[in-house]
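What follows is one structure encoded as structure tokens, with my remarks underneath.
The values are calculated or read from the model by the stated rules, or taken from the named source; none is laboratory data. Remember, predicted model here, so these are calculated numbers, not experimental data. In this analysis, Cβ positions are derived from the backbone assuming ideal geometry, glycine residues included, and neighbour counts consider all displayed protein chains. Just so you know, the surface numbers come from the protein's heavy atoms only, side chains and all, with ligands and any DNA or RNA stripped out. Shrake-Rupley method; radii C 1.70, N 1.55, O 1.52, S 1.80 Å.
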Amino acid sequence: MNKLKVEIHPEAKIDFYAQIEYLASQDCSIETLYKFVFEIELASKAIEQNTHTWPLARASKRVRKYGPTKTFRYLVYYVVTENGTPRIIEYAGPGRQLRWKRRL
């Protein structure tokens, strides 16, 4: 059985790129930026390979939560679509107000 590729909500993509821009504006090294991208990619791959492993953040909404990631302490919120595809709806950094509810 082929695994379905993870989908990313358009607003989650915007959040992801905004975080990269923020880190760059804080004079982070290119190594730190690569580390952030790599860590998020690892989270996405883990979700893709083991879609139902991580706990429900909200059972009534079927929203699951991966994380926090090791270095950057990010949480990745996602849902599993009707065809079984995981769809990331938010990348949330520490202390960030969650926005995923309006993305469902």
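Electrostatic bookkeeping for residue 102 treats Lys and Arg as +1 and Asp and Glu as -1; over the other residues with beta carbon under 12 Å from its beta carbon, the sum is +2.
Legend: residue pairs 45/70; 5/101; 45/65; 61/101, Cα-Cα distance threshold 18 Å; pairs beyond threshold, 5/101. Along the stretch 68-77 the Karplus relation, 6.51 cos²θ - 1.76 cosθ + 1.60 evaluated at θ = phi - 60°, assigns HN-Hα couplings of x, 5, 4, 8, 9, 6, 7, 9, 10, 9 Hz to successive residues, with x for each Gly and Pro.
Within a Cβ distance under 11 Å of residue 93, other residues only, what is the Lys/Arg minus Asp/Glu net charge? Charge balance in the 11 Å sphere: 0. Tell me whether the stretch 44-104 comes out rounded, prolate or oblate; compute the Cα gyration tensor, take square roots of the eigenvalues as a ≥ b ≥ c, and use a/c under 1.5 as the rounded threshold. The shape class here is oblate. Result for the chain in a Gaussian network model with C-alpha springs under 10 Å: among 57, 43, 12, the largest mean-square fluctuation is at 57.
Taking amide H positions as modeled 1.01 Å from N, with prolines and chain starts lacking one, the residues under 5 Å from residue 7 and 5 or more places away or on another chain are 87, 88.
Solvent-accessible surface of protein heavy atoms, probed at 1.4 angstrom with all chains present, puts 16, 38 in the order 38, 16, largest first. By a 1.4 Å probe calculation restricted to protein chains, residue 47 has an accessible surface near 0 Å², given to the nearest 10.
Taken one residue at a time, the phi angles of the stretch 10-20 give Karplus couplings (6.51, -1.76, 1.60, θ = phi - 60°) of x, 6, 5, 4, 4, 4, 4, 5, 5, 5, 4 Hz. Gly and Pro are set to x. Separation of the stretch 66-91 from the stretch 1-36 is 13 Å, based on Cα centroids. Please state the relative contact order of the chain as a whole percent: Cα pairs under 8 Å, 6+ residues apart? After rounding, I find 30 percent.
Taking every alpha-carbon pair in the chain and binning the separations at 10 Å intervals from zero gives 15, 50, 28, 7, 0 percent.
A 1.4 Å probe run over the chain, with the rest of the protein chains in place, finds 66 Å² accessible per residue. When 77, 34, 22 are compared by accessible area of protein heavy atoms, the largest-first order is 34, 22, 77, using a 1.4 Å probe. Computed per residue of the chain from DSSP H runs no shorter than four, each worth -39500 (n - 2.57), the mean residue ellipticity at 222 nm is -11500 deg cm²/dmol.
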